[in-house]
Amino acid sequence: MHNFKKMKIWKESMDLVSESYKITRSFPDFEKFGLTSQMNRCAISIPSNIAEGSSKSSDKHFRNYLEISLGSAFEWETQLIIALNEQYISKEIFEKLEHKIRQVQKMISSFQFNLDT
């Protein structure tokens, strides 16, 4: 078992949750049950699955949760692109958050790889 609160991937993905809530507050009201909700649920899924997986008794089970977390990270990146395309966020914010999500994706992938060895 791993202490998720000490894991850098969990901390970084928690920061992403805050960023997601911050940007979606400015989305149009009609997106409340659409993109806003979806982006925030995806962002929440990333650290949540890391935390849940850390409680599992084997690295094999933990890897499965990391896989789900990684999928949510890619899904969130896609939604970030949609937010840019719909002009809900600026190019500057997009680039900052795109860099952050790619770092999280790399960290999760690396952690998965290290569990395999």
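So that you can scan it fast, the table gives a plain yes or no per residue for (1) at negative phi; (2) modelled with pLDDT of 95 or more; (3) surrounded by fewer than 16 Cβ atoms within 10 Å (Cβ to Cβ):
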residue	(1), (2), (3)
His61	yes, no, yes
Glu67	yes, yes, yes
Phe74	yes, yes, yes
Leu84	yes, yes, no
Glu92	yes, yes, yes
Glu98	yes, yes, yes
Arg102	yes, yes, yes
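Answer yes if at least one residue in segment 45-55 is closer than 18 Å to Ile82 by Cβ and buried (at least 18 other Cβ atoms within 10 Å of the Cβ), and no otherwise.
Within segment 45-55, the first condition is being closer than 18 Å to Ile82 by Cβ, and the residues that meet it are 45-46.
Still in the running and buried (at least 18 other Cβ atoms within 10 Å of the Cβ): 45-46.
Scanning segment 45-55, I find at least one residue that is closer than 18 Å to Ile82 by Cβ and buried (at least 18 other Cβ atoms within 10 Å of the Cβ), so the answer is yes.
In this structure, is Ser26 closer than 22 Å to Lys5 by Cα, more than 11 Å from the chain's Cα centre (by Cα) and open to solvent by 50 Å² or more (accessible area, probe 1.4 Å)? Before you say what the answer is, go through the steps one by one.
Numbers: closer than 22 Å to Lys5 by Cα: no; more than 11 Å from the chain's Cα centre (by Cα): yes; open to solvent by 50 Å² or more (accessible area, probe 1.4 Å): yes.
The answer is no for Ser26.
Which pairs do you get when a residue that is free of Cβ contacts under 8 Å to residues at least 60 places away in the same chain, found in segment 88-117, comes within reach of a residue that is open to solvent by 50 Å² or more (accessible area, probe 1.4 Å) and acidic (Asp, Glu), reach meaning Cβ atoms under 9 angstrom, with the pair 6+ apart or on two chains?
Listed by first residue and then by second, the contacts come to Gln112/Glu67; Leu115/Asp59; Asp116/Asp59.
Check Ser57 against each of (1) in a loop (DSSP other than H, G, I, E, B); (2) touching a helix residue (DSSP H, G or I) at 6+ places or on another chain (Cβ under 8 Å) and name the one condition it does not meet.
(2)
The values are calculated or read from the model by the stated rules, or taken from the named source; none is laboratory data. Note that the coordinates shown come from a computational prediction; the quantities given were computed from them, not determined experimentally. We place every Cβ from the backbone using ideal geometry, glycine too, and count neighbours over all the protein chains shown. In case anyone asks, the SASA skips ligands and DNA or RNA and just uses the protein heavy atoms, side chains included. Shrake-Rupley method; radii C 1.70, N 1.55, O 1.52, S 1.80 Å.
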